[in-house]
Structure formats: C-alpha cells, structure tokens
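Here's the structure, in structure tokens; my notes come after.
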Amino acid sequence: MSNYIKRFSAFDRVVHWVLAVAFFVLVFSGLGLFAHTFFNYFDFFGGPEQGILAHKIAGIVFLITSVLLFFAHARETCRFDSDDGKWIGACGGYLKRGGKEIPQGKFNAGQKLFALFSIVAAVVLGLTGFVIWDPTAMDRGLTQFSLMLHGLFFVLFMMGAVVHIYLATIGNPGTADGMLWGYVRKVWAKKHASKWYKEVAGKDV
Amino acid sequence: MTRKAFMIDTSRCTACRSCQVACKQWNKLPADAEVNRGSYENPAQLTPHLYNKIEFVEKGDGQDFQWLFFNKRCLHCGEAGCIKVCPSAGALYRTAEGLVGFDQEKCISCNYCVNGCPFDVPRYDANNKVTKCHGCFDRVAAGLQPACVKACPTASLKFGDRDKLIAEAKAGGKRIYGEQALGGLNAMYAMDGTPQDYNLAENPSIPQSIFLWKDVIKPLGILGFWGSVGAAMLHYVTVGPKQLEDDIDDQGGE
Ligand code: HEM
Ligand code: SF4
Ligand code: SF4
Ligand code: SF4
C-alpha cells in the first residue's frame, strides 16, 4: 500500500505555479512604482517602461489564474462548518506546541479564508489595475481612489503571501509535496485534514 | 537660499497674454491648433505645449458684468502632490529657490503626477513625458526673471523673495491665495474676488486618497511586510512547525 494520497490535479498545480510566478513578477515590478527604495528593481526588467509593461502582462495572467484556482476549489473553500469555528477559536493550534488537531476537510479554516481573501484581492487589484492602466484616461477621483486601493491590496497580499508560504513549507512539513507533484503522505492527511482523509482514503489508495 | 515665489495680482492683468507667448518663446514650444469656442480664452486647458495661460472668468451680467483674468500655471506647492507620487526620484524635484522643476530624462511616463496634483497641472507630451511650468529654474538660477514675468507689461506677474512679496501684497490690502496652504504655494495670487470665482478650492490640499496611499499605506505596508516575515521566523523558533510522526503512515484510518 502506498504511503501517499492524491491531493491536487496537474491542472491545480500548473495553475498554482503560473499564478505564483505572475505574483512575484507583479511584486517586483510593482515595488519599483511603490517606493523609491525599490526603484532599482526595474533594472531586472530592462528599465522602468519595460517593468510597467511586465506588470500589466503579469496582472492579466494573475487575474485569470486566480479565477481558475478559485473555481477549481470553490466547492471546498466556500463551505464552513462548526469545526471551522473551533479551528479559528484555537488559532489552528499554531499558538502552542503539540496540541490535538481539530478535524478539518480538504482545507482548514485558515486556508479557506486565505483562498477567499485571495480571490477578493485579485479581483480588486484587477479592477483597480484596469482603472490605472492609463492614469489620465478616467475620472480623476476614481483614478486616485484606485491608486490607493491598489496599493492597499498589494500590501495586504504581500503579508498574506508571507504567511501562506511559511505555512505551506517549513511551518507544516510535507505540505508542499501536494502542490509540487500532487501527492501528500497519508500521515500528513490524517494530521491536517482528517475529515478529508476519511472521505477519500477508501476510494483513492 | 531665500525662498523665491511668484505673486500674481489678478486685478492688474489685462489679458494681453504676453506671458503665454513669452513662455512658448523661451521654452521653444509650438503653437496648439485651436478652434473658436466663442471666447478669447485659448486654448481651453493647459496643454503639453502651454505651461501658463490666462483664464477668462465671466461673472455676473449687465451692469454687474465682470471679467476676471487668471494666470493658470503650476503653483509650485511647498508640499507638492506631484513629487509625492512620482516613483522616479528627480523626475520632479525642488530647486534651491523652492520651485518645482522636472527632468524628462528621469520621467518614466507613469502619468501618476497629474493625479497627485490638487490643481490638474502636469501634462504629457508626444513622448509621454511630463511637462508643466518649471518656474524658469534655469533663468532664475542665473539671476534672471522668469520669461513670463519679464514679459508682463502691467506687473501683474511678479517674482522675487517670497516674504517680501507677501509683505508688499498685504501692505496693498490684498487678499493672498496660497500663503499657508500646501506648505505655502510658491506661486501665490493677490486675488480680486474669492477663490470660488476662479474655480479654486478655498483650502487646497493633497487629494485624500493620495495622502492615504503615500503617507499611510506605504509606510505601514513596509512595516507590515517585515512584521509578517519576523512573525513567521519567530513562530518557527518558538512554537515550531507541525512535525509529522514518521512511522505511522501505514496504520490505516483513525
Ligand atoms: C513560493 C511560493 C509558494 C509556495 C511554496 C506555495 C505553496 C502552496 C501549497 C503547498 C499549497 C497547497 C496547500 C495545501 O495542500 O493545502 C498552496 C495553495 C495555494 N496557494 Fe500557494 N504557494 C506559493 C505562492 C503563492 C502565491 C504567491 C499565492 C497568491 C498569490 C498563492 C496562492 C495560493 C492559493 C490561493 C492556494 C490555495 C488553493 C485554494 O485553496 O484554492 N500561493 N500553495
Ligand atoms: S501645482 Fe501641481 S504640478 Fe505644480 S507643484 Fe503643485 S502639485 Fe506639483
Ligand atoms: S509621469 Fe514622470 S514626472 Fe510624472 S510621476 Fe511619472 S515619472 Fe514622475
Ligand atoms: S515661469 Fe517660465 S516656464 Fe513657467 S510659465 Fe513662466 S515662462 Fe513658462
């Protein structure tokens, strides 16, 4: 019997990693516009104008992949139950060592909240990005408001991504496997997503 | 360096528009093709080739009719929204005299600055580079008067030490626009009538969204990012990761 269980399809994985690459292109090109300290990041793109162009292209890729990833998992990520309430109350057990895990579905409550935040933020960034595509084209007040909102969600997404990357890698050993090649260890599933494990263990071993 | 400024006395202006022409001449700016809009005001807006212009404001009618002439230009704000939003340090900059100049070599064509400006001043030329009144910083640095000021036959436009100009205008009993607002404008108006007559805000300020973006979200965001990185590292070395027990893979369900 295999020690592994399937978690993400090839489609999920490819979409996720295209999204992640687009995200980093957006971060580095966006930072050049965000503050003088980071202006030199434009060198990486061959100059400011090219950096802005890269940002626009990556923005489109990011918005499309965000929507695809959201709908690929919407069935799991949009449903919350009483165990999720308990999980949030206990801060996912991240505040102390070795506590008992609260049973969770395919995604825990924190992951679901991050997935929902991600799609909301991606849409807000996409809409405001459309408005500021040419900052002289639309209503002045709307453009100013969009510049502000774009900056705000950029910052929030950066903070979210730091936490996400930490928890998906060294914070929870074994998690990255699922997104890298599709399978996670059963012991991982039993620990982190016991309800999901029970549901699929019978069918997919 | 003492702070220099323009003082524009609206009551002295006869709308001869020598200033418009002198600016074009000094800056080698081409004419804009225009249409007749039933007004002597021309062009309707500042353009990439027009750094100052006379606005013709019509007020009242019949016996009460008044024609107000207003020299529209960059006001060289002491706290300049255009500099605040510009991503490329030095594309818009403050001269030693306190004026706001621009350097097209450094402009990255992002078109942000007009959104930071409370007065809708910056324009973008055919190469999508910033243009606006630069206060004739080159002439001023050489001890000359700005070209528009030099050309003004009625002394409606004055340029000099800011404090002196303010004292003069006050002694003449004029209402001054821009003495305090936005860190003090370096192009002020000795104003006939009220700011509303000229479609100006009574107390101009940096647009609210722009203030939030650059003075709140930006610093807090940078703090928040490093805070998140710090929190993750602290979590790892204090609480630590959720390790898997290594030997129980194959013991079936719960
Ligand atoms: C190098 C960086 C990254 C790593 C190592 C990483 C890793 C992972 C892993 C392992 C998962 C699956 C978690 C699980 O099995 O439950 C995942 C899911 C996810 N990742 Fe990332 N990720 C990275 C970057 C990003 C970025 C930059 C974003 C957002 C812009 C992002 C958005 C998501 C979302 C939304 C999901 C959840 C899918 C869903 O719930 O619908 N990831 N990531
Ligand atoms: S008037 Fe506008 S362009 Fe001129 S200094 Fe002020 S913010 Fe900048
Ligand atoms: S268009 Fe040029 S001057 Fe204006 S904000 Fe962008 S880089 Fe600065
Ligand atoms: S100060 Fe110079 S650039 Fe500005 S309007 Fe006068 S002539 Fe033109």
* To do: Would you mind computing, in nm to one decimal, how far apart the modelled labels at B:N42 and B:K106 are, each placed 7 Å from Cα along Cα→Cβ?
  => 3.8
* Which angle between 0 and 90 degrees, to the nearest 10, do you get for helix B:162-171 versus the longest principal axis of chain B when only C-alpha atoms count? -> 50
* Asked: Going through the range A:145-205, which trypsin sites (Lys or Arg not before Pro) have at most 15 other Cβ atoms within 10 Å and a DSSP loop state?
  -> A:K203
* For the range B:125-254, take the alpha-carbon Rg, divide it by the Kirkwood Rh, and send me Rg/Rh. => 1.40
* Asked: Using 7 Å Cα-to-Cβ label points, what is the B:N127/B:M1 separation (nm, one decimal)?
  -> 2.4
* Structure fact -> Loop-resident trypsin sites (Lys or Arg not before Pro) in the range A:53-152 with no more than 15 other Cβ atoms inside 10 Å, DSSP not H/G/I/E/B, are A:R79, A:K96, A:R97, A:K100
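For the range B:97-143, state the average projected area of the convex hull of the C-alpha atoms over all orientations, rounded to one decimal in nm².
Result: 3.8 nm².
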* Structure fact -> In whole Hz, the Karplus estimates of ³J(HN,Hα) for the range B:16-33 (6.51, -1.76, 1.60; θ = phi - 60°; x where Gly or Pro) are 6, 6, 4, 4, 4, 5, 4, 5, 4, 5, 4, 8, 6, 9, x, 6, 9, 5
* Other-chain or far-sequence residues with amide H under 5 Å of B:F159's (modelled H) -> B:M7
* Nearest 0.05, what FRET efficiency do B:Y236 and B:D163 give at R0 = 41 Å with Cβ-Cβ as r? -> 0.10
* Please work out how much length the chain gains when fully extended from B:E79 to B:Q145, using 0.36 nm per residue of separation minus the C-alpha to C-alpha distance, in nm with one decimal. => 21.4 nm
* Rounded to whole Å, sorted largest first: equivalent-ellipsoid semi-axes of chain A, Cα gyration tensor -> 36, 18, 16
* Per residue Cα convex hull volume in Å³ - calculated over chain B -> 248
* Asked: Name the residues of the range A:170-205 whose amide N is less than 11 Å from a point 7 angstrom out from the Cα of A:N3 along the C-beta direction?
  -> A:185-188
* Asked: What 222 nm value per residue comes from the helices of chain A, counting each DSSP H run with n ≥ 4 as -39,500 (n - 2.57) and dividing by all residues, nearest 500 deg cm²/dmol?
  -> -22000 deg cm²/dmol
* Asked: With a Cα-only, solvent-free Debye model of the protein assembly as shown, what are the log10 I(q)/I(0) values at q = 0.07, 0.08, 0.10 Å⁻¹?
  -> -0.52, -0.62, -0.80
* Can you figure out the FRET efficiency of B:A171 with A:C91, using R₀ = 51 Å and their beta-carbon distance, to the nearest 0.05? => 0.15
* Structure fact -> For the pair A:L116 and B:D215, the simple spin-label estimate (label points 7 Å beyond Cα toward Cβ) gives in nm 3.5
* Structure fact -> To the nearest 10 degrees, the tilt of helix B:218-237 (Cα long axis) against the first principal axis of the alpha carbons of chain B is 10
* Structure fact -> Relative contact order of chain A (C-alpha contacts under 8 Å, at least 6 apart) in percent is 31
* Asked: Between exposed trypsin sites (Lys or Arg not before Pro) in chain B, where DSSP calls loop and at most 12 other Cβ atoms lie within 10 Å, what's the longest gap?
  -> B:38-254
* **Where chymotrypsin sites (Phe, Trp or Tyr not before Pro) in DSSP loops with at most 14 other Cβ within 10 Å are excluded, longest remaining stretch of chain B** => B:66-254
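In debye, nearest 20: dipole of the range B:136-233 around its Cα centre with unit charges on the Cβ of K, R (+) and D, E (-)?
Roughly 180 debye for the range B:136-233.
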* How big, in percent, is the set of alpha carbon pairs in the range B:42-119 lying more than 14 Å apart? -> 69
* **Spatially proximal lysines relative to A:K86 (Cα-Cα < 26 Å; intrachain offsets below 8 disregarded)** => A:K96, A:K100, A:K106, A:K112, A:K186, A:K190, A:K191, A:K195, A:K198, B:K242
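In chain A, which helices (entire DSSP H runs) extend 18 Å or more along their own long axis, judged by Cα positions, while averaging at least 0.0 on the Kyte-Doolittle scale?
Span-like helices here: A:10-34, A:48-77, A:109-131, A:140-168.
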* Asked: Over the range B:150-254, what relative contact order in percent results from Cα pairs under 8 Å that are six or more residues apart?
  -> 13
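No value in this document is a laboratory result; all are computed from the given coordinates. Everything numeric in this text was worked out from a predicted model, so none of it was measured. Here the Cβ is made from the backbone with ideal geometry for all residues, glycine too, and neighbour counts use every protein chain on show.
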